[in-house]
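Single-structure report; data block below.
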Amino acid sequence: MDAKRVVVITGGSSGIGRAVGLRLSGPDTKIYFNHCDPDDSNCEETVELIKAAGGSAWGGRVDVASQSNVQNFFKKIIEESGRMDVLVNNAGITIDGLLVRMKEKDWDRVLNINLKGAFHCIQAVAKVMMKQRAGRIINMASVVGVMGNAGQANYVASKAGLIGLTKTAARELASRGITVNAIAPGFIDTAMTAGLPEKAKEAMLAQIPMGRIGQPEDVAEVVAFLASEKASYITGQVIHVNGGMYM
Ligand code: NAP
């Protein structure tokens, strides 16, 4: 068992999760992350990138929608390291469509990953963090969870739910020295947004006073702050990272 700071990032194989892993890694930190797709190439590449930057990481396939998979994942981490310092609930997907045509299975899959997945992970870490009387939980919400967005009823509901979960967990865990916050990114340059039609991208950009798409590193920097000792008096908050898209 080593005494390194333990950071767990769900959906850490690409995009924002990968940037968070790279930003939080270092010689005194062990990064654990998961992903879900049967193709492990992004996961392997992320482990190598973190190692090349001087950190250490373990990445593997764990579907956050499955409570038993999540429990086994955290059991392994806690047995290996004996502690749990930072949880970043970042795993998320979109399956877009207009509300009137949305299939129940698409509603369920998005809610099960984006919202229930975070619930599973918070439950899995809470007891250890409570015993430590310290911990940081950071949930990746979205600007649309506050604004709403046509064509994303399932995704928006999951992110609005995540904000409610953040505030409740913050209230329940504050007395044990655990902070729980949400970050609400705007329009960020990752695989999730790469597939949007050009017209939709242009419409998004037109809503951003800073006139540029955000980078995963813009979000990772805020995660690093919330995960640090310097943020010890901040809990239950939603921090917007969106170039002014929503004020
Ligand atoms: P991304 O590059 O597609 O990353 C999503 C990550 O989640 C991947 O590592 C993916 O791995 C993982 N994942 C998906 N389903 C999973 C599951 N069932 N269990 C475990 N991991 C799973 O997208 P991103 O933009 O970085 O998104 C990261 C988070 O930021 C999401 O919660 C997203 O909603 C949020 N966000 C993004 C934006 C944006 O503009 N990009 C804006 C606001 C909020 P596999 O592909 O291997 O499954």
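Quick note: the coordinates plus some simple rules give every number you see, no bench work behind them. None of the values given here were measured: they were computed from a predicted structure. Positions of Cβ are generated from backbone atoms using ideal geometry, with glycine treated the same way; all protein chains shown enter the neighbour counts.
Points to keep in mind about this one:
- Label separation (residue 133 vs residue 215): 4.1 nm, computed from points 7 Å beyond Cα along the C-beta direction.
- Nonlocal amide H pairs with residue 139, under 5 Å, H built at 1.01 Å: 89, 181, 182, 183
- For the chain, alpha-carbon Rg over 2.2 N^0.38 Å: 0.96
- The chain: antiparallel DSSP beta bridges as a percent of all, rounded to 5: 5
- Cβ-Cβ FRET estimate between residue 203 and residue 104, R0 fixed at 35 Å, reported to 0.05: 0.75
- The range 136-247: C-alpha gyration tensor shape, a/c 1.5 cut-off, then a/b vs b/c: prolate
- Tilt relative to the chain, helix 153-173 - C-alpha long axis, 0 to 90 degrees, to 10: 30
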